[in-house]
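The values are calculated or read from the model by the stated rules, or taken from the named source; none is laboratory data. Being a predicted model, the structure only gives us computed values, none of them experimental. Cβ: placed from backbone, ideal geometry, glycine included. Neighbour counts: every protein chain shown.
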Amino acid sequence: MLEGSRYRPRRAAELVAQALSDTRVVVLNGALQVGKSSLAADVLREYGGEARCLDDLMTRAAAVADPSAFVRHEGLVLIDEVQRVPDLWLEIRHAVDRGRRPGQFLLTGSAGLLAMRELPDALCGRAEVVEVWPLSQGEIDGASDDFVDAAFEQGDGLRVAQTTLRKSDYLARAERGGYPEALRRSTSRRRQRYFDGYLSTLMQDVEQVAGVSKAKDMRRLVSLLAAQSGGTVSFRRLAGGLGVSAPTVKRYVEILEMIYLVRTIPAWSANIATRAVSTPKVFFVDSGIAAHLGAGDGALLENFVLGELARQLTWSETFATLHHYRDRDQYEVDAVLEDNRGRVIGIEVKAAETVRTDDFRGLRLLQRRLGDRFLAGFVLYTGDYSGSFGDGMTCLPISALWTS
């Protein structure tokens, strides 16, 4: 929302407005410190209503003492940090069952307190969850952020204007990340201090709420994941490095997903190859955290691209899912987007400022096996040229993600 002192509109605001028009309860969820409360306050100023923040001691005491009275209201009410009083959830459900008009409640909470994961289930059929991510590049720059839609609409005909950005510029963007508070920090050293404090807060929440007895194991796991950011996850190998069981590592990774620190990307096969592997990939929700933890240039840029794609999928007009592809013959594609019509876009990420024919190797394999389902293959790289490599294959600068 802010870079320095400048306000940046959030794409999630459009999703909230749409949801309030036809849904009784809208829940904002996402990582700590991504601007959920600020976004909710902006929505309230535009649409009217009242705010009740459970961070306030007296407000929370009133909610605990009489939850039924607390949720009674006219119009729209924002309840911020709703996870602090779980008894409210049942009362909210009763309230919206009595009156079914849309736009009754806007709820926010801290993903760092893992109780938020239970809220959508408690309000099943009554609520829509809007995910709020760290700022995208388009939100920071005031650009379009429409690559996903453009890729499915234009296929291999997609081109973008020549860019002045080079590898060092993309790395600088990845290293600063998208947390509003980190963007306010004027130097890399100041951002590093922010990321270190952010991780410490998350680890404390995990230890207190998730029942993880060895916080140092979780912190060590986070560092190991950063070392292979954008790569496939072997729970067995990670378990060996930590001296714990593979099921324990899997549980830890699931917790890290719940608190929006990392995301796993499932493997994609669609039965096209019996040699495809089923191991998921992992990336950090914010590339600044991955950089802080020491991710190398190639892994960091892949993490950066995967994060931008995942953000766009929350608001794109195209309903698509994000996967990756890898097989035992060492063919791989960093990102596979499949829409609800079965059409596929393949994306490779390269840290180099030039593109070679061999960079399309994995994409051409998918094209051969999918036929007409394969819409286009893109290599996103750190150079400036947009152009065709023939037969549905195109190279684009990474900036195409937010300038298409």
key: Filtered residue count, the stretch 306-323, keeping only those that are within 21 Å of Ser269 (Cα to Cα) and in contact (Cβ under 8 Å) with a residue 60 or more places away in the chain   = 6
key: Residues that are within 18 Å of Arg11 (Cβ to Cβ) and buried (at least 19 other Cβ atoms within 10 Å of the Cβ), drawn from the stretch 34-75   = Val34, Gly35, Lys36, Ser37, Leu39, Ala40, Val43
ask   = Any idea which residue in the stretch 335-365 is farthest from Leu306 (Cα to Cα), counting only those that are surrounded by fewer than 19 Cβ atoms within 10 Å (Cβ to Cβ) and of a type in the set (Val, Ile, Thr)?
value = Thr357
message = Here is a check on your reading of the model: is Glu353 under 25 Å from the mean Cα position of the chain (by Cα) and of a type in the set (D, E, K, R)?
response = no
ask   = Given the conditions (1) in contact with a Lys or Arg (Cβ under 6 Å, 6 or more places away or on another chain); (2) closer than 17 Å to Leu300 by Cβ, and given that Arg185 satisfies all but one, which numbered condition is not satisfied?
value = (2)
request  = Give Gly342, Gly288 a once-over and let me know the one that is of a type in the set (Gly, Ala, Ser) and either outside the structural domain of Cys395 (by TED's automatic domain parsing) or farther than 29 Å from Glu175 by Cα (or both).
outcome  = Gly342
request  = Determine whether the stretch 232-248 contains at least one residue that is assigned by TED's automatic domain parsing to the domain that holds Tyr325, crowded, with 23+ Cβ neighbours inside 10 Å and modelled with pLDDT under 95.
outcome  = no
task = Find the helices (runs of 4 or more DSSP H) located wholly in the stretch 1-93 whose residues include 1 or more that are in contact (Cβ under 8 Å) with a residue 60 or more places away in the chain, and list them.
result = 11-20, 36-47
query = Quick one: in the stretch 300-310, which of the residues that are buried (at least 21 other Cβ atoms within 10 Å of the Cβ) and touching a strand residue (DSSP E or B) at 6+ places or on another chain (Cβ under 9 Å) is nearest to Val34 (Cα to Cα)?
reply = Gly307
ask   = From Gly342, Gly307, which residue is small (Gly, Ala, Ser), under 22 Å from Pro180 (Cβ atoms) and in contact with a helix residue (DSSP H, G or I) (Cβ under 6 Å, 6 or more places away or on another chain)?
value = Gly307
request  = Check Leu224, Leu165 and return the single one that is closer than 24 Å to Gly30 by Cα and not charged (D, E, K, R).
outcome  = Leu224
key: Subset tally (residues that are β-branched (Val, Ile, Thr) and assigned to a helix (DSSP H, G or I)) for the stretch 278-333   = 2
query = So is Ala115 assigned to a helix (DSSP H, G or I), at pLDDT below 95 and small (Gly, Ala, Ser) or not?
reply = yes
Search result, residues across the stretch 258-271 that are more than 23 Å from Asp297 (Cα to Cα) and either of a type in the set (D, E, K, R) or buried (at least 20 other Cβ atoms within 10 Å of the Cβ) (or both) = Ile259, Trp268
ask   = Looking only at the stretch 170-191, which residues are assigned to a helix (DSSP H, G or I) and free of Cβ contacts under 8 Å to residues at least 60 places away in the same chain?
value = Ala172, Ser188, Arg189, Arg190
